[in-house]
Amino acid sequence: MVKHSLLKIVTAAAIAVGASFSALAADPIKIGSVLSVTGPAAFLGDPELKTLQLYIEKINKEGGVLGRQLQLVHYDDGSDAAKANGFAKRLIDDDKVDIIVGGTVTGSTMSMIPLVEKAELPFISLAGAVVIVEPVKKWVFKTPHTDRMAAEKVFDDMKKRNLTKIALFSETSGFGASGKKETEAMATKMGITLVANETYGPKDTDMTPQLTKIKNTAGVQAVFVFGLGQGPSVVNKNYKQLGITLPLYHAHGVASEEFIKLSGPAAEGVRLPAAALLVADKLAAGDPQKPVATGYRKAYSERFKEDVSTFGGHAYDGLMIAVDAFKRAGSTDKAKVRDAIEATKGYIGTGGKVNMSATDHMGLDQSAFRMLEIKNGDWTLVN
Amino acid sequence: MSGVRRHYSLMLLAAVLLLLPLVLPNNFYYDIVIRMAINAIIALGLNLLIGFAGQISLGHAGFIGIGAYASAILPTHFGWHPLLAMAAGAAIASSIAAILARPIFRLKGQYLAMATLGMGIIIAIVIKNEAAYTGGPDGMPVAPIGLMGFEIAGEKQWYWVLAATLLFSFWAAKNLIDSPFGRALRALHGSEVAAQVMGVDIVRYKVAIFVLSAFFASLMGSVTAHYIGFVTPNIADFFHSIELVTMVVIGGMASIYGSLIGAVLLTALPQALSTFEGWETVVFGSILMTCMIFMPKGLVPTLAARFGRNGREDP
């Protein structure tokens, strides 16, 4: 009996492989996606997937695009770039998708780029680093702000407060490492001196040694932390425990409600650059982003009963830019769609105002970031 | 195992590899078969160490990482020829294995597992942190490989390269196991004291087999890097090591074809299960558990004992 049931499992697996191949007959527009729904980057990939599902369902209910339904074909790379590469091949060669929206982290995106370039398929990445769109790659676009923009925004704000000697405290993750590189370059450009430059591991639970060193460094006027996930919250707590009173800045990677919850009272006074989405209800009435940001926020939290994060917003922008491009191209012809994406002008998304061009495949400028400060456990806009 | 049977099974494998392109519908299926072949060769090398010599290694992905990053770094940063880089990677991995083998193989059981685990993790950390050369956690692109003006490109060419490599590895492994060297390894597995009494230099054999499997792993790391065209530190990850050990155990320890079946199964399952929408890890885990509960010796040895006519003992 046991062997019998095993045989069934193997047969089922074989049928599953076969079934995925035979589902080509219908004629929907296929949107492919490889996201990190599990693994260390799950907190990014999970809201991205939910957002894509939510809005594709919604668009289909309203009649689809070009009179055709949208079909989402998505795979989970488990936060492993090598798997993302394999699934991208599957999307291109087997599922024959019309566009790829996805690639949660920079590593996954970079491992997919050679494939989409070769297949000449439009690709909108949801990952952060500058290398994705610089140098410009013909078929590759991205929606999130870059680490370089975050550093620039933070330094802008510091300069307004006459803080020019700062300590950089970055995470050794991909996000933090890339952020460190861009921050160092931006500091030189903007006349900021890095008097201390420390790092921490993404799973560290105590950052007091590095913070003590920063505290004892002469001349430090402010601290800039570049990290994701839980690490930055630990920094906040240790910062208060050590009684450091210098202004504390974080990067855009922690822009979620979770960050405030995890840090508790230690988050008070912390500043960070973030997309308007987080402060949707606090935006001025005439702000062009207000309707988009509040609309997305409402739809997402009603459906999934959880707070929005800017990461899901990136997926929203990616999908909307793709849909808009299909409409303007009037077909799913890959070259025409690519040209249409590149010609995106004045699209207002959750991330900001997008103006793509042949030399800019992200299309966001500094105005896309708002400087936020945490006051009384809530975000407030800094002018 | 008679000589005729040996050739029979190799010819069967060759026939399958020859006929497979007739049924593979597109490049994606080629891709899966190529990944299966790569994993099978690595699992084979690991099986020689774990199944035949009875020594565990939980750091094998480290050697794969060395090969992969040698093929990525040396041509990109130093302008080496990819083949030379591949050889250098294999040489580095083998040397590390040779140097570490003597102290490591003084240990047994869980202590040996811990030591190899530590070694693998250290290699992964070095790769992750030497960002100037390795690109850090985001990884780096790898130049294509070629020989005398021909570049191996596209799934179909890689398929034939790996089919040939796979066949050669199986032939070599079979011969190795039936040689005095292989018999010494199995003696070692059975009882180290008995093997020593019979005149087997156990340290020398343990070191030799560890170096050999590290060599295989590094070469296949290089091949993976060139094939995918991109490497990330995940390739040297602890979880990758575990995945490889799982292939060996599921397929069947001390079974050449067990390595093949284990690699095929563990490469195909994640793709086949991706339709389960978020439940794939649960289904994957329960399949592995079912296999281990009902077939603790692995698929191939259990099935061979069940259906085999060659009079092997029933467990």
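Bear in mind that the values in this text are calculations on the coordinates, not laboratory data. Fair warning: this is a prediction, and the values are worked out from it, not measured in the lab. Reconstructed Cβ throughout: ideal geometry from the backbone, glycine too, with neighbour counts over all protein chains shown.
Figures for the structure shown
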{"quantity": "Listed residues A:ALA329, A:ALA127, A:ALA151, most fluctuating in chain A (Gaussian network, C-alpha, under 10 Å)", "calculated": "A:ALA329"}
{"quantity": "Over chain A: helical MRE at 222 nm, DSSP H runs n ≥ 4 each giving -39500 (n - 2.57), nearest 500", "calculated": "-14000 deg cm²/dmol"}
{"quantity": "Within 10 Å of each Cβ in A:167-180, the average number of Cβ atoms from other chains", "calculated": "3"}
{"quantity": "Built amide H within the under 5 Å cut-off of A:HIS250, gap 5+", "calculated": "A:VAL225, A:ARG271, A:LEU272"}
{"quantity": "Inter-probe distance in nm under a simple model that places probes 7 Å from Cα toward Cβ, at B:SER95 and B:VAL16", "calculated": "3.9 nm"}
{"quantity": "Ranked B:HIS81, B:HIS226, criterion: other C-beta atoms within 10 Å, fewest first", "calculated": "B:HIS81, B:HIS226"}
{"quantity": "Surface/4 of the Cα convex hull for the range B:29-237, nm²", "calculated": "11.7 nm²"}
{"quantity": "In Hz, Karplus ³J(HN,Hα) per residue of the range A:146-156 (6.51, -1.76, 1.60; θ = phi - 60°; x = Gly, Pro)", "calculated": "9, 4, 4, 5, 4, 4, 5, 4, 5, 5, 4"}
{"quantity": "Shielding by partners, peptide A:94-101 (average Cβ within 10 angstrom, other chains)", "calculated": "1"}
{"quantity": "Calculated FRET value between B:ALA194 and A:THR208, using beta carbons and R₀ = 51 Å, to 0.05", "calculated": "0.35"}
{"quantity": "Average other protein chain Cβ within 10 Å of Cβ, residues B:225-232", "calculated": "5"}
{"quantity": "Packing-based order for B:43-56, B:14-27, using average beta carbon neighbours within 10 Å, highest first", "calculated": "B:43-56, B:14-27"}
{"quantity": "Residue order, fewest to most surrounding Cβ atoms within 10 angstrom, among B:THR116, A:THR359", "calculated": "A:THR359, B:THR116"}
{"quantity": "The protein assembly as shown: antiparallel DSSP beta bridges as a percent of all, rounded to 5", "calculated": "35 percent"}
{"quantity": "Mean Cβ neighbour count within 10 Å, used as a protection proxy, ranking A:279-287, B:60-68, A:169-177 highest first", "calculated": "B:60-68, A:169-177, A:279-287"}
{"quantity": "Mean separation of Cα contacts under 8 Å (6+ apart) over length of chain B, as relative contact order %", "calculated": "32 percent"}
{"quantity": "With at most 16 other Cβ atoms within 10 Å, longest stretch of chain B clear of loop GluC sites (Glu not before Pro) (DSSP)", "calculated": "B:131-276"}
{"quantity": "Three-way shape call for the range A:147-274 based on the alpha-carbon gyration tensor, with the a/c threshold at 1.5", "calculated": "rounded"}
{"quantity": "Candidates B:TRP160, B:TRP279, B:TRP80, ranked by Gaussian network fluctuation over chain B, Cα under 10 Å, top entry", "calculated": "B:TRP279"}
{"quantity": "GNM top mover of A:THR332, A:THR146, A:THR104 - chain A, alpha-carbon springs below 10 Å", "calculated": "A:THR332"}
{"quantity": "For the range A:292-383: rounded, prolate or oblate by the Cα gyration tensor [a/c cutoff 1.5]", "calculated": "oblate"}
{"quantity": "Dipole of the range A:285-336 [Lys/Arg +1, Asp/Glu -1 at C-beta], most positive-end residue of A:THR332, A:SER301, A:TYR316", "calculated": "A:THR332"}
{"quantity": "Chain B: calculated mean residue ellipticity at 222 nm from DSSP helix runs of at least 4, using -39500 (n - 2.57)", "calculated": "-24500 deg cm²/dmol"}
{"quantity": "Vicinal HN-Hα couplings computed from phi for the range A:162-178 (Karplus, 6.51 cos²θ - 1.76 cosθ + 1.60; Hz; Gly/Pro x)", "calculated": "6, 9, 10, 10, 10, 10, 9, 10, 10, 7, 8, 6, x, 4, x, 5, 5"}
{"quantity": "Calculated FRET efficiency for the pair B:THR76/A:GLU306, C-beta based, R₀ 51 Å, to 0.05", "calculated": "0.75"}
{"quantity": "Ranked B:TYR205, A:TYR200, criterion: other C-beta atoms within 10 Å, fewest first", "calculated": "B:TYR205, A:TYR200"}
{"quantity": "Where labels lie 7 Å past Cα in the beta-carbon direction, separation of A:LEU242 and A:VAL195 in nm", "calculated": "1.4 nm"}
